[in-house]
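Structure, as structure tokens:
The values are calculated or read from the model by the stated rules, or taken from the named source; none is laboratory data. Not measured: the values here are computed from a predicted model. Note that we place each Cβ from the backbone using ideal geometry, even for glycine, and neighbour counts take in every protein chain shown. Heads up: the accessible areas ignore ligands, DNA and RNA and are worked out on the full protein's heavy atoms, side chains in. Shrake-Rupley method; radii C 1.70, N 1.55, O 1.52, S 1.80 Å.
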Amino acid sequence: MESQRINSLYENCLAHPVDRAALPIILAGQMQPQTEMDIDFPASLLAHINCAVIATDRDGKITYWNRYAETLYQWTTSEVMGQNVYEVILGEETEQQTQEIIEQLLRVGSWKGELFARRRDGSRVWVENTISPIKDDKSQVKGFVGVCFDATERHQVKEALRQSESTTQILFHAIPEAIFFIHKDGTIVDFQPAKQVSEEFSKSGIVSKKFSELLPKTVWQQVMSYVQAALSTGEMQLFEYQLLKKGKNYDFEARIIKSTDDEVLTIIRDITERKIANEQLAKSEDRYRIVSELISDFAYAAKIDSNNNFKTDWMTGAVSRITGYSCQEMANRGGWQTLIYPDDLPKYLEKIQNLLCWQSDISEYRIITKEGEVRWLRDYRQPVYCEDKERTLIVYGAAQDITERKQAEEALRQQTERERLLGMIHERIRQSLKIDKIIGQAVQEVRRFLQVERVTIYQVDEKGDGKFVVESVAENCLSILGLSLTDHCFKTKFVEKYQQGYISATNDIYQGNLSPCHLEILGKLQIRANLIVPIVFNSKLWGLLCVHNCTEPRNWQPFEIESLKQLAVKIAIAIAQSELYQQIKTLNEDLEIQVQERTAELQKALEIEASLKRITDKVRDSLDENQILQTAVRELAIGLGMNSCNASVYDLEKGTSTICFEHVIRGPQYKGRVAQMANFPELYDKQLLQKQYFQFCSIPINPERGRVAMLACPIVDNQGVLGDLWLVNHHDYGFSELEIRLVQQVANQCAIAIRQARLYQAAQAQVEELAKLNQLKDDFLSTVSHELRTPMANMKMAIQMLKIAPPGDRQQRYLQILQSECNRETELINDLLDLQRLEAASYPISLEEAINLPEWLPGIVEPFISRAQERGQILQTQIALDLSPLITDRAGLGRIVAELLNNACKYTSSGGKIILHVCQEENVKSTPTTENAQECLEFENSQTPVPDIISFTVKNQAEIPAEELPNVFKKFYRVPKSDLWKQGGTGLGLALVKKLVEQMQGNIVVESSAGWTTFCVELPNK
């Protein structure tokens, strides 16, 4: 039952919003201890109503905060539980108000009112608040419950209403007329006296009285009829009446407006003075009209109706003298507006709006007379009301012809503008000596001053031709800037005239009686009106100042011509100053160039001295001939800015000059070229070998370098010429004395350094040779000692074992070891002896025995075939059948082939291939003969027949590391970790092979890549 009662109350509050604020209080008062379900139901209602419900304990700490409170104040329940409600909502600034609320709650038992509460984001909101205490069973206050809702909108409405009432009251007191609130029965409900009335018409003496007590019967009956009309129609009623006061009639105007269903608002205005003024105006209007007919200006009256239509009522006769039109003619044309200059019409119509706002107006505008003349008027206008019911505005005006004054003002403005223009040009001349800048600004100012479409300056040359050098042009006109013209007529007829000061002014080229050719030129340049003023400098025609109208004719005024004439004089002065400035500038520039050239020469001398010192220091710091010459050519090429520089070394015995060093910045490279001195006696015999330098420019165009300038300087000392230095640059370059002296000094330093380097190199070579021989001796003794001792040790051990071993297989084994080591010792000794004899060139070699290789080689290869088969290797022989008999040493060739096959078997794994390939090749070797004299070098190829080559190639599937290849022909050298079959060896085999090949006048090379090692022996077949 309790739940039903609460639910019914809740629905009732929802149906009647006025009672919503009481709902939470009722619910809070009904929340007695109940079952859990009974408790949850009111709590759910509190959570969903559109009012903020907040419960606190006695100290103001929040104990309940419903969902709408979260929305209103922006704080969640978890954030405010246990917080002081006044600190959360009101803040410290309303502490006094908070104290007053608490005191009233304890004293009265409830509080209701508006609070300016604070939200979480700092914003403020007006809330309507009702606060009640929560009491326990003993009627003791244990807390408070507050219900509030957003009252901001209502508060804003109240504030707006308050401000509206305040504004209404202000307006009410500001209106100067008398204001009455009249009941429909004629009783004055309220009254605001007019500002100018005396105290006898005070508010206390009129309120509650009827108009019948205050006004004559005819007047108050009239008032009451308009009151009834205003109440019945709702429209404003306007009427006038008169009252007799102190023997004098006063006129009043009354406006009656419906205020409520039973009352009207009436505003009374005293219009006595206005009536008197209108009467006086009507009386004087005739007098004014008569007078205005006699003066030069004219007066008029015009009406403006409710649609803002302006219609002339009357005008004085002077309007005909000014405009040439009668009033009727103007009316037939459509009114006064049709005479107004089109550009001034919008401003004239804008002024009409001021008249509608009861503002007098003074305007100046132009009209076009019947004869087409443009004249200026100054129009004085005053608005007044007509007496008709439509309240049409009538305007009285007087128009004064101010054309002469305007012309005087325009002349003064033109004079001022002309003085400003000339002053500006004078100031530009004073501030700048750049004629382009001066005349550029001048044409812009002239076009702005004259309001024309193009201003340009045509500069005339000595031949009478010229072009347009500067221009200021409108967007709709053709630009002629930079256009050159050649006019024979201008040269013969007009140059002298313009030079004497002739000025040409053509208002319209088609009406100016111009020659057809002249007319054609002007038409192409889009010129309709033309004004030309000469610019004369030093009694010569410098140019023409041209002013053009492109689209329509132009009447050139005398002041415009005079202004341009004075401007042309200013421009001529500017040209004279600019010419003088240019002359001084040229002289200064020439002087500056001379100073710079002299400074450059001094700087060049210093740089050459510094370069010489730098090159000398670098040359002297080195004892390497290559570095000396390379340093010299690089420093000379870079320091002197040459295309290239090279150094040649002479071989006087062979009569050759070889380019050994060069530094090329631009052009081809010639390093390595050899010149035969005998082929160029004019260069070497007559110049360089005579210790003379020379420079020349190549006459024939070299296909690689082209035509170049060269300097050749010999590298010479007291012992003779060592070589030369060549410097190469572009063909029009001339070598200065400083550069030649620098090259000579560098060549002398190079000669000294080369001699020192060669002496040092010779000494170093001897030292290195001695060290090498000593090292070879030590290596030989060490290796030979080891290689000799090893077999001897094995032999000694075998002999000892033979002594103690019983007869049989073991004894036989020791005998084999003894024999093997003995053979090894013998081979080593023989190899050493053979190597020694080969190095001493005492090895017995006969190169006259003819060997039939296809028959002889199988016997050499046969032992290796059986060895390869035992090891699972594949040995292939590829011997050409058409081999010529080889004339060479049979024993030496056999040993070479056997050593190479032995090496291949030794280093080839099982399953690997070994290939012996023998072939014959015809050999034609090209021997170049190079004659070099720098640019005059020619190559000749001579073909010399040489013996055929027999090539022996041994390839095996094994790869020698690239870093080990240079060492394979050294004595006692063996490739590390490559002896797959543990065969051993002395390391002399390949050294003997190389020596034998050399003794047999052949060549041997080795290559190793892609898993193969190839030894190739080439022997000549004589």
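Any residue in the stretch 524-538 that is part of a loop (DSSP other than H, G, I, E, B) sitting within a Cβ distance under 8 Å of a residue that is surrounded by fewer than 22 Cβ atoms within 10 Å (Cβ to Cβ) and among the β-branched types (Val, Ile, Thr)? List the pairs, counting only those 6 or more apart or interchain.
Leu525/Ile480; Ile527/Ile509; Arg528/Ile509; Arg528/Thr551
Give the stretch 447-466 a look and list any residue that's outside any helix (DSSP H, G or I) and over 39 Å from the mean Cα position of the chain (by Cα), or say none. Give the steps one after another, and end with the answer.
Within the stretch 447-466, the first condition is being outside any helix (DSSP H, G or I), and the residues that meet it are 451-466.
Hits for the stretch 447-466 are Gln451, Val452, Tyr458, Gln459, Val460, Asp461, Glu462, Lys463, Gly464, Asp465, Gly466.
Only residues that are open to solvent by 50 Å² or more (accessible area, probe 1.4 Å) and under 17 Å from Thr492 (Cα atoms): list them for the stretch 438-466, please.
Within the stretch 438-466, Gln459, Asp461, Glu462, Lys463 meet the criteria.
Restricting the stretch 375-421 to residues that are under 60 Å from the mean Cα position of the chain (by Cα), among the hydrophobic types (A, V, I, L, M, F, W, C) and within 21 Å of Lys351 (Cα to Cα), which is modelled with the lowest pLDDT?
The extreme case among them is Ile402.
Surrounded by fewer than 15 Cβ atoms within 10 Å (Cβ to Cβ) and of a type in the set (Ser, Thr, Tyr): is that true of Ser504 in this structure?
Values: surrounded by fewer than 15 Cβ atoms within 10 Å (Cβ to Cβ): no; of a type in the set (Ser, Thr, Tyr): yes.
In short, no.
Examine the stretch 307-321 for a residue that is in a strand (DSSP E or B) and basic (Lys, Arg), and state whether such a residue exists.
Initial filter on the stretch 307-321 (in a strand (DSSP E or B)): 310-315.
Now restrict to residues that are basic (Lys, Arg): 311.
Yes: one or more hits.
Restricting the search to the stretch 283-309, which residues are more than 22 Å from Thr403 (Cα to Cα) and either at pLDDT 70 or above or among the charged types (D, E, K, R) (or both)?
Residues satisfying the conditions are Lys283, Glu285, Asp286, Arg287, Arg289, Ala301, Ala302, Lys303, Ile304, Asp305.
Could you pull out the residue among Lys497, Lys524, Lys540, Lys491 that is in contact with a Lys or Arg (Cβ under 9 Å, 6 or more places away or on another chain) and open to solvent by 20 Å² or more (accessible area, probe 1.4 Å)? Steps first, please.
Working: Lys497 fails: in contact with a Lys or Arg (Cβ under 9 Å, 6 or more places away or on another chain); Lys524 fails: in contact with a Lys or Arg (Cβ under 9 Å, 6 or more places away or on another chain); Lys540 fails: in contact with a Lys or Arg (Cβ under 9 Å, 6 or more places away or on another chain).
Just a single option satisfies the conditions, and that option is Lys491.
What about Ile740, is it surrounded by 15 or more Cβ atoms within 10 Å (Cβ to Cβ) and in a helix (DSSP H, G or I)?
Values: surrounded by 15 or more Cβ atoms within 10 Å (Cβ to Cβ): yes; in a helix (DSSP H, G or I): yes.
Here the answer is yes, as Ile740 does meet what is asked.
Conditions tested, residue by residue: (1) among the hydrophobic types (A, V, I, L, M, F, W, C); (2) within 19 Å of Ala632 (Cβ to Cβ); (3) loosely packed, with under 12 Cβ neighbours inside 10 Å.
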{"site": "Val674", "(1), (2), (3)": "yes, no, no"}
{"site": "Phe680", "(1), (2), (3)": "yes, no, no"}
{"site": "Leu689", "(1), (2), (3)": "yes, no, no"}
{"site": "Gln695", "(1), (2), (3)": "no, yes, no"}
{"site": "Ile699", "(1), (2), (3)": "yes, no, yes"}
{"site": "Asn702", "(1), (2), (3)": "no, no, no"}
{"site": "Arg707", "(1), (2), (3)": "no, no, no"}
{"site": "Leu711", "(1), (2), (3)": "yes, yes, no"}
{"site": "Val716", "(1), (2), (3)": "yes, yes, no"}
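Of the residues that make up the stretch 649-659, is at least one open to solvent by 40 Å² or more (accessible area, probe 1.4 Å) and of a type in the set (Gly, Ala, Ser)?
The answer is no, given that none of the residues of the stretch 649-659 is open to solvent by 40 Å² or more (accessible area, probe 1.4 Å) and of a type in the set (Gly, Ala, Ser).
Tell me the residue from Ile615, Ile571 that is surrounded by 15 or more Cβ atoms within 10 Å (Cβ to Cβ), at pLDDT 75 or above and not hydroxyl-bearing (Ser, Thr, Tyr), please.
Values: Ile615 fails: at pLDDT 75 or above.
Only one candidate passes the filter, namely Ile571.
Per-residue answers, yes or no, for (1) more than 21 Å from Gln676 (Cβ to Cβ); (2) free of Cβ contacts under 8 Å to residues at least 60 places away in the same chain; (3) touching a strand residue (DSSP E or B) at 6+ places or on another chain (Cβ under 9 Å):
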site	(1), (2), (3)
Leu688	no, yes, yes
Gln692	no, yes, yes
His730	yes, no, yes
Tyr733	yes, yes, yes
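Can you pull out the residues in the stretch 546-560 that are outside any helix (DSSP H, G or I) and either surrounded by fewer than 19 Cβ atoms within 10 Å (Cβ to Cβ) or in contact with a Lys or Arg (Cβ under 9 Å, 6 or more places away or on another chain) (or both)?
Step one: list which residues in the stretch 546-560 are outside any helix (DSSP H, G or I), which gives 546-557.
Hits for the stretch 546-560 are Cys546, Val547, His548, Asn549, Cys550, Thr551, Glu552, Pro553, Arg554, Asn555, Gln557.
What's the number of the condition Glu235 fails, among (1) in a helix (DSSP H, G or I); (2) at pLDDT 80 or above; (3) not aliphatic (A, V, I, L, M)?
(1)
Only residues that are within 57 Å of the chain's Cα centre (by Cα) and part of a loop (DSSP other than H, G, I, E, B): list them for the stretch 711-737, please.
Of all residues in the stretch 711-737, those within 57 Å of the chain's Cα centre (by Cα) come to 711-713, 724-737.
Correct list: His731, Asp732, Tyr733, Gly734, Phe735, Ser736.
Which of the residues spanning the stretch 634-649 are touching a residue at least 60 places away in the same chain (Cβ under 8 Å) and either among the aliphatic types (A, V, I, L, M) or in a strand (DSSP E or B) (or both)?
Listed by number, the residues that qualify are Leu636, Ala637, Leu640, Met642, Ser644, Cys645, Asn646, Ala647, Ser648, Val649.
Here are Ser578, Ser563, Ser515: which of them is exposed (fewer than 13 other Cβ atoms within 10 Å of the Cβ) and at pLDDT below 85? Full working, then the answer.
On the way: Ser578 fails: exposed (fewer than 13 other Cβ atoms within 10 Å of the Cβ); Ser563 fails: exposed (fewer than 13 other Cβ atoms within 10 Å of the Cβ).
Residue meeting the stated conditions: Ser515.
Determine whether the stretch 244-252 contains at least one residue that is closer than 13 Å to Ile182 by Cβ and modelled with pLDDT of 85 or more.
Looking for residues that are closer than 13 Å to Ile182 by Cβ and modelled with pLDDT of 85 or more, one finds none in the stretch 244-252, hence no.
Which members of the stretch 338-363 meet the condition of being within 16 Å of Tyr396 (Cα to Cα), open to solvent by less than 60 Å² (accessible area, probe 1.4 Å) and of a type outside the set (S, T, N, Q)?
Tyr348, Lys351, Ile352, Leu355, Leu356, Asp361
Which condition number does Ile101 fail, the rest of (1) in contact (Cβ under 8 Å) with a residue 12 or more places away in the chain; (2) within 24 Å of Thr76 (Cα to Cα); (3) more than 56 Å from the chain's Cα centre (by Cα) being met?
All conditions pass for Ile101, except number (2).
Looking only at the stretch 58-117, which residues are touching a Phe, Trp or Tyr at 6+ places or on another chain (Cβ under 6 Å), of a type in the set (Ser, Thr, Tyr) and either farther than 19 Å from Pro133 by Cα or modelled with pLDDT of 80 or more (or both)?
Correct list: Thr77 only.
For (1) over 23 Å from Leu847 (Cβ atoms); (2) out of contact with any strand residue (DSSP E or B) (no Cβ under 7 Å at 6 or more places or on another chain); (3) of a type in the set (A, V, I, L, M); (4) without any contact (Cβ under 8 Å) to a residue 60 or more places away in the chain, each residue gets a yes or a no:
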| residue | (1), (2), (3), (4) |
| --- | --- |
| Leu883 | no, no, yes, no |
| Arg890 | no, no, no, yes |
| Ile896 | no, no, yes, no |
| Glu899 | no, yes, no, no |
| Asn903 | yes, yes, no, no |
| Ser909 | yes, yes, no, no |
| Ile915 | yes, no, yes, yes |
| Gln920 | no, no, no, no |
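This table checks each residue for (1) basic (Lys, Arg); (2) farther than 26 Å from Glu609 by Cα; (3) modelled with pLDDT of 90 or more; (4) out of contact with any His (no Cβ under 9 Å at 6 or more places or on another chain).
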position: Leu640; (1), (2), (3), (4): no, no, no, yes
position: Lys671; (1), (2), (3), (4): yes, yes, no, yes
position: Glu682; (1), (2), (3), (4): no, yes, no, yes
position: Gln695; (1), (2), (3), (4): no, no, no, yes
position: Ser698; (1), (2), (3), (4): no, yes, no, no
position: His730; (1), (2), (3), (4): no, no, no, yes
position: Gly734; (1), (2), (3), (4): no, no, no, yes
position: Glu739; (1), (2), (3), (4): no, no, no, yes
